[in-house]
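The values are calculated or read from the model by the stated rules, or taken from the named source; none is laboratory data. Because the structure is a prediction, the values reported are computed rather than measured. Here the Cβ is made from the backbone with ideal geometry for all residues, glycine too, and neighbour counts use every protein chain on show. With ligands, DNA and RNA removed, areas are computed over all heavy atoms of the protein, side chains included. Shrake-Rupley method; radii C 1.70, N 1.55, O 1.52, S 1.80 Å.
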Amino acid sequence: MAGRWIDEWEPEDETFWRRTGERTARRNLWFSVLSEHIGFSIWTLWSVMVLFMGPEYGVDPAGKFFLISTATLVGALVRVPYTFAVARFGGRNWTVFSALTLLVPTLAAFVVMEPGTSYTTFVAVAALTGIGGGNFASSMANINAFFPLREKGWALGLNAGGGNIGVPVVQLAGLLVIGTAGAAHPRIVLGVYVPLIVVAAVCAARYMDNLAPVRNDTGAARLAVRDAHTWIMAVLYLGTFGSFIGYSFAFGLVLQTQFGRTPLQAASLTFAGPLLGSLIRPVGGLLADRYGGARTTLGNFAAMAAATGVVIQASRTGSLAVFLAGFTALFVLTGLGNGSTYKMIPGIFHAKAIARGLRGEEAAAHGRRLSGAAMGIIGAVGALGGLAINLALRQSFRSSGSGTAAFWSFLAFYAVCSVLTWAVYLRRTAAVSARPRLGYAEV
């Protein structure tokens, strides 16, 4: 695993970027997307497996929500160590290793996915799939180091969006199997992913690079933990990515439980929202590059609150068509918000470096150092939003047989995120103007 190491890397130097940097960065980006894509598919595997679990499995809706919540929780927790593994082992090396580890939960699910398996076993195997969620954190930390600040919104959005598409792709695979072979054959889905995992690992080994200037920096980690902006952005990312992954896990199960859809009907409707949310994520990064991440994020949270209002009304009246329209809008908006919030992270720390008097490559290097460390924390907290959504829906269905109460809580949280974005990054006050301007509206 010694791999290829690049000893000098200065993406903010435009001459370096034009000559060699851009070509190398883009090559690493494409194969990072492939590996992360497979990681997302394995992480959200149980959002598909529960559609195959008919009455013969003996698992009620609350139990199914707990299964997908378990995968979400583990995926959130492993994001922190995965972030710092890039600097410890190298981006290429860790991508190869993390891709190959996806074979463990996939093969384990292949073995146990049949009626008669104990619920405890299902929970343990669902927990194993959580390691796929860690691939996102290591991939984003790696790509963040490759690109200059002026292109981070686009690059991080494309990297994450390409990875997020793994969610609807595995759901489409489940739909195809249910529609052709029937709901009794979940192992076909699992069998398809085994060779894909191997392909992703081999491509990473052959075509990706390690960046020697990226070093594990415990000092940066401590600074990121102590910085208030790390936790503010974690809350905002909780609202965007947490919503995306939580809804992606739960959508098909909600359709089955609240609207009485069959596994085939649920699977045929589930994939569209995550697909649109994934495809639109790079657009969120581009909008943030052009208009400012904070402005884009604020408008996005306001729109998410409005779309949630539509979902609440549809849930109360039992209108499937309106429910689907509102949820589709929510998926699109979570994708836009994912792109804009992640653009804000490197921009905030770069602006703080400038406020300290740093300039040029020195400021850029400082910003990359802290933003790379912060991304692991922010990504982990954001993924916990998916856990919160699934637990809220589980409780709502247990207590009232409907998801309406949970949707009201989501609406309230989006309102909080809107106020927080405006108050911290857009509001102009005497207190703010008294200190060095950080240009947060432009991040």
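Relative to the Cα centre, what is the charge dipole magnitude of the stretch 131-228, using +1 at the beta carbon of each Lys and Arg, -1 at the beta carbon of each Asp and Glu, and rounding to the nearest 20 debye? It would help to have the intermediate numbers written out before the result.
Details: 7 positive and 4 negative charges, 17 e Å.
The calculation lands at about 80 debye.
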Practice task
Taking only protein heavy atoms into account and a 1.4 Å probe, give the accessible area per residue of the chain in Å².
Solution key: 37
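Mind checking the stretch 1-97 for trypsin sites (Lys or Arg not before Pro) that DSSP puts in a loop (not H, G, I, E or B) and that have at most 12 other Cβ atoms within 10 Å?
Working: sites: 4, 18, 19, 23, 26, 27, 64, 79, 88, 92; in loops: 4.
Counting only loop positions with at most 12 other Cβ atoms within 10 Å, none of the trypsin sites (Lys or Arg not before Pro) in the stretch 1-97 qualifies.
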Handout entry: Cα point-scatterer Debye curve for the stretch 143-285, base-10 log of I(q)/I(0) at q = 0.08, 0.13, 0.14 Å⁻¹
Key = -0.33, -0.81, -0.91
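Take the Cα radius of gyration of the chain and divide it by 2.2 N^0.38 Å, with N its residue count; two decimals is plenty. Walk me through the numbers before you get to the answer.
Details: Rg = 21.2 Å, N = 443, 2.2 N^0.38 = 22.3 Å.
Output field value: 0.95.
For the stretch 321-406, with only Lys/Arg (+1) and Asp/Glu (-1) charged at the beta-carbon, what is the dipole magnitude about the Cα centre, in debye rounded to 20?
Numbers: 8 positive and 2 negative charges, 31 e Å.
About 140 debye.
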Problem - Cross-link reach list, lysines versus residue 343, counting only Cα pairs under 25 Å and skipping chain neighbours closer than eight places - result: 152, 352
Handout entry: Inter-site label distance for residue 120 and residue 194 at 7 Å from Cα along Cβ, in nm
Key = 2.8
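Identify the trypsin sites (Lys or Arg not before Pro) of the stretch 347-395 meeting these criteria: DSSP loop state and at most 16 other C-beta atoms within 10 Å of the C-beta. List each step's numbers first, then the result.
Values: sites: 352, 356, 359, 368, 369, 394; in loops: 356, 359.
When the trypsin sites (Lys or Arg not before Pro) of the stretch 347-395 are filtered for loop state and at most 16 Cβ neighbours within 10 Å, 356, 359 remain.
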Practice task
Between residue 7 and residue 104, take the C-beta separation as r, use R0 = 30 Å, and let me know the FRET efficiency to the nearest 0.05.
Solution key: 0.35
Exercise for the section: Using only the alpha-carbon atoms of the stretch 124-197, report the extent along each of the three principal axes, biggest first, to the nearest angstrom. Expected result: 49, 26, 18
Fill in the blank from the handout: A correct Kirkwood calculation over the Cα atoms of the stretch 39-112 returns a hydrodynamic radius in Å of 14.0
Completion exercise
Residue-ordered couplings for the stretch 180-185, obtained by feeding phi - 60° into the Karplus form 6.51 cos²θ - 1.76 cosθ + 1.60 and rounding to whole Hz (Gly and Pro as x), are 10, 8, x, 6, 8, 10
Practice task
Pop a pseudo-label 7 angstrom from the Cα along the beta-carbon direction at both residue 62 and residue 398 and give the gap in nm to one decimal.
Solution key: 0.5
Exercise for the section: Rounded to whole Å and sorted largest first, list the principal axis extents of the Cα atoms in the stretch 1-91. Expected result: 63, 25, 22
Problem - Simple Cβ-charge dipole of the chain, Lys/Arg +1 and Asp/Glu -1, about Cα centre, in debye nearest 20 - result: 740
Problem - Shape parameters for the stretch 1-152, alpha-carbon atoms, Rg then Dmax in Å - result: 18.8, 64
Exercise for the section: Take the chain, connect every pair of alpha-carbon atoms lying under 10 Å apart with a spring to form a Gaussian network, then pick out the residue of 268, 319, 396 with the largest mean-square fluctuation. Expected result: 319
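Express the carbon and sulfur contribution to the solvent-accessible surface of the stretch 26-79 as a percent, rounded to the nearest whole number, probe 1.4 angstrom.
Values: 1010 of 1430 Å².
The nonpolar share, carbon plus sulfur, comes to 71 percent.
Can you give me the Rg/Rh ratio for the stretch 268-373, using Cα atoms for both radii and the Kirkwood formula for Rh? Don't skip to the end; give the middle numbers.
On the way: Rg = 17.8 Å, Rh = 15.3 Å.
When Rh is taken as the Kirkwood radius, the ratio is 1.16.
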Exercise for the section: Set the Förster distance to 41 Å, then compute FRET efficiency between residue 185 and residue 412 from the Cβ-Cβ distance, nearest 0.05. Expected result: 0.45
Practice task
With unit charges on the beta carbon (Lys/Arg positive, Asp/Glu negative), name the residue among 296, 85, 186 whose Cα is farthest towards the positive pole of the charge dipole of the chain.
Solution key: 296
Problem - Listed residues 424, 283, 214, most fluctuating in the chain (Gaussian network, C-alpha, under 10 Å) - result: 424
Fill in the blank from the handout: In the stretch 258-313 the accessible area split gives carbon plus sulfur, as whole percent at 1.4 Å, a share of 69
Completion exercise
Residue-ordered couplings for the stretch 251-263, obtained by feeding phi - 60° into the Karplus form 6.51 cos²θ - 1.76 cosθ + 1.60 and rounding to whole Hz (Gly and Pro as x), are 4, x, 5, 5, 4, 5, 7, 8, 10, x, 6, 6, x
Problem - Cα centroid separation, the stretch 292-348 to the stretch 98-154 (Å) - result: 25
